[in-house]
Amino acid sequence: MGATNSLSEVEELATERLRRHAVEHPDRLAAAFLDDDLEIRQSWSFGELDRRARFMAAFLQKHAAPGERVVLAFPTCLDFLAAFYGCLLAGMPAVPASLPLAHGKDRRLELIVSDSGAKLVLTTAKHVELLQRRLAEGEAAATPIIAVDGLADESDVWRDVPRAAGDLAFLQYTSGSTRSPAGVMVGHGNVAANLMALHDGFGSTPESVFVSWLPLFHDMGLIAGALAPTWAGCPVYLMSPASFVQSPLRWPRAISRYRGTIGGGPNFAYQACVEAARAHGVAGLDLSSWMIAWNGAEPVRASTIDDFAKTFAPAGFRAEALTPAFGLAEATLLVTGKRGPVRPLVRAVDESALRRDSVAFCDAEDARGKPLVSSGEPALGVDVRIVDPDSFVEASASQVGEIWVGGGSVGQGYWNKPEESAATFGARTAAGEGPFMRTGDLGFLSEGRLFVTGRRKDLIVIRGVNYYPQDLEQTIEASHPALQPASCAVFGVEEGDAVRLVAVQELRRSAWRSVDAAEVFMAMRREAAREHQLALHRIVLLKSFGLPKTSSGKVQRAACRAALEDGTLAALHEWRSTMQVAPIDFTGEPLTQPGVLERQLVDWLQRECGVENISWKTPLMDLGIDSLKGVELGNALSAAFQHSFPVTLMIEHPTVEALARLIREEALGMKPAEPEPEPPPPIAWEGASLEQEIDMLDDAALDALLEGSIDAVLKMDRRS
């Protein structure tokens, strides 16, 4: 027993829902498209949307057979809605796809057309020539491309066909963030089940007003942005994604102008609005009507939620409207979401415990704490389990595990990928419960609420310690004002027996030509050291939009790593660590002379760490030296002076001045000329004192103290 992907509770399909609204309220506004000035360029009533969907279905029935796939390659426009519902009414699975780029390499549409075996490609007259060029070669070259805006109305000849909940409705091609694109098979019943869950979670009514800038070819834009309002019988105001990207404040302005009640997007959209509002203000906005501001598709950040609520509070926005959610195309869309007019739940967890896949809550002020935003409770009809990804045993409440999902919203599998479908959609727990869909995401449940901690395949393991890349990315992208928010990828690269950290980061458009790359590199390295006690070994800076991302804005770390390895990532600036520990020769000058030992230590560390302008008082932590590298440098000093220094040498004597004093006293047998102050205490690598130490560092020192995490040897030595 356990999870069953039953569709028994589905009483009405999306097509039946549209037709019912068209009959009962034919003149009620169903959808409108806004131009860049937020003026209504085009609008349809429910009656008009139904009529246009029927004439699209009639056209398809003349040129294809039930079950044959139809690719929809449109910009955001009302014609897409007619084509999508037309496919459903004709019994032909729709295949939403993004328009290809006009220039450069972009084979995504070609691959989707080929993989789906599409019979037709529908688009607008404006984009026919572009699609013809992009599909001119390869298996998709012979696929007909039809402009729907030139078709005659044949809605009267449409023939209704029977549709069952288990019939395929559409293929949702998802690039994901860790693997190649795959077409999720979403049935009519899956669509209805998820729309019921959204309707329940949003509390939508015919009086609701949706406002969406999300791309319609993406699951979030399609299901939550376009189909959910039609299900509820209320209007949606659609905007071009490019319109939002060019001016993020257009979104809240549209909500203000048309009294929007429901609208959402990925975390980066809220951050973009915050930054735009800080630059331009919120005067003239009235967001008091915004009841549901859902946030999903990528990690929801506590800082963004707080910033958005505070920034737009003067415009009437209420923090209770913020609705973190978790979902994915394999579950049609929604899996969990916050319920009720309450503020998002943010809990602090012990980060060191989290690295061991354990959950230990702590106070928000605790230096060990990492804030996590709850993604809410399981949606209507959705079963969520946390399972050990290796043993398949359900995890306890104090454990992190893989998020598994069951219920009627879960799709049928991946198109033409039976083995991958079985592995992802047919999982069963060790107790035999299932089937479940494996999300590949990690998290835990606390009092019935889901907390997502990261993506399993993206996890970075350094000397047995787990690090979540999104934590590092958030720190790095905030380290310097020239860096573009939500545009960083951090991943590990194996070099021999070690894992080296690489950061790829976009620059803001305004910083491309004027940025001081050396300053940016230092800031990124310093913050990685300060917040995570890790050293970056390679940094690559890109122009805006240079980082591989999914259509919903998720960073594609695997694709980024592959592009970096094959040389296709267009780097503007690059830095690499040159840290190599070579033998030291201190025999050239008398070390008993004042300042000679300090100067030679400075010269040696600058060579080894690849930095300049190290002073006697430069804290060595600022050089990026971690415990392992500290041991290696200490061994080099031991060999040079034929003296056994402790393994904690670099930690307990964290400046050139302190090192020289120790060497004089222990290796050279010299007594200090006058009483020395107490040596600085060992650096607490976990906690507030670490941050204080790094805050005092100058810019000449971050290449040798924090190459990875603090290894267990030094931890045991210090705590014994």
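Some notes on this structure:
- Computed over region 367-505, Cα set: Rg, Dmax in Å: 17.3, 52
- Cα-based Kirkwood hydrodynamic radius, region 245-457, one decimal, Å: 18.4 Å
- The residue list 522, 511, 562 was ranked by how far each Cα lies along the charge dipole of region 460-576 toward its positive end, using unit charges on Cβ atoms, and 511 comes out on top.
- The residue list 597, 64, 336 was ranked by how far each Cα lies along the charge dipole of the chain toward its positive end, using unit charges on Cβ atoms, and 64 comes out on top.
- Using a simple spin-label model with pseudo-atoms 7 Å out from Cα toward Cβ, residue 24 and residue 430 lie 4.9 nm apart.
- Eligible aspartates and glutamates near residue 119 by straight Cα distance, threshold 14 Å, same-chain separation 8 or greater: 68, 110, 139
- What you get for region 14-244, charging only the Cβ of Lys and Arg (+1) and of Asp and Glu (-1), is a dipole of about 520 debye around the Cα centre.
- Measuring max minus min along each principal axis, the C-alpha atoms of region 277-338 give extents of 41, 22, 16 Å (largest first).
- Nearest-0.05 FRET efficiency for residue 666 and residue 416, computed from C-beta distance (R0 56 Å): 0.20
- Where Rh is the Kirkwood radius over Cα pairs, Rg/Rh for region 460-576: 0.93
- Counting charges near residue 503 (Lys, Arg +1; Asp, Glu -1) among other residues having Cβ under 10 Å from its Cβ returns a value of 0.
- Rg/Rh for region 14-244 (Cα atoms only, Rh after Kirkwood) is 0.94.
- Rounded to the nearest 20 debye, the dipole magnitude of the chain is 1880 debye, with +1 charges on Lys and Arg beta carbons, -1 on Asp and Glu beta carbons, and the Cα centre as origin.
- Taken over the alpha carbons of region 291-391 as equal point scatterers, the Debye sum produces base-10 log I(q)/I(0) values at 0.14, 0.16, 0.20 Å⁻¹ of -0.64, -0.82, -1.13.
- Across 457/549; 62/417; 310/549, pairs whose alpha-carbon gap is larger than 26 Å: 62/417; 310/549
- Distant alpha-carbon pairs in region 49-170 (separation over 19 angstrom), percent: 43 percent
- Using R0 = 56 Å, the C-beta based FRET efficiency linking residue 303 and residue 65 works out to 0.60.
- Dividing the mean sequence gap of close Cα pairs (under 8 Å, 6+ apart) by how many residues the chain holds gives a relative contact order of 9 percent.
- The chain - mean residue ellipticity at 222 nm from DSSP helices (-39,500 (n - 2.57) per run, n ≥ 4, rounded to 500): -9000 deg cm²/dmol
- For region 302-412, a crude dipole built from +1 on the beta carbon of Lys and Arg and -1 on the beta carbon of Asp and Glu, taken about the Cα centre, is about 400 debye to the nearest 20.
- Sorted largest first, the principal axis extents computed over the alpha-carbon atoms of the chain equal 102, 54, 52 Å.
Computed from the coordinates by the stated procedures, all read-outs in this text should not be read as laboratory data. Only a predicted model underlies this, so the values are computations on that prediction, with no experimental measurement involved. Here Cβ is always computed from backbone atoms with ideal geometry, including for glycine, and neighbour counts include all displayed protein chains.
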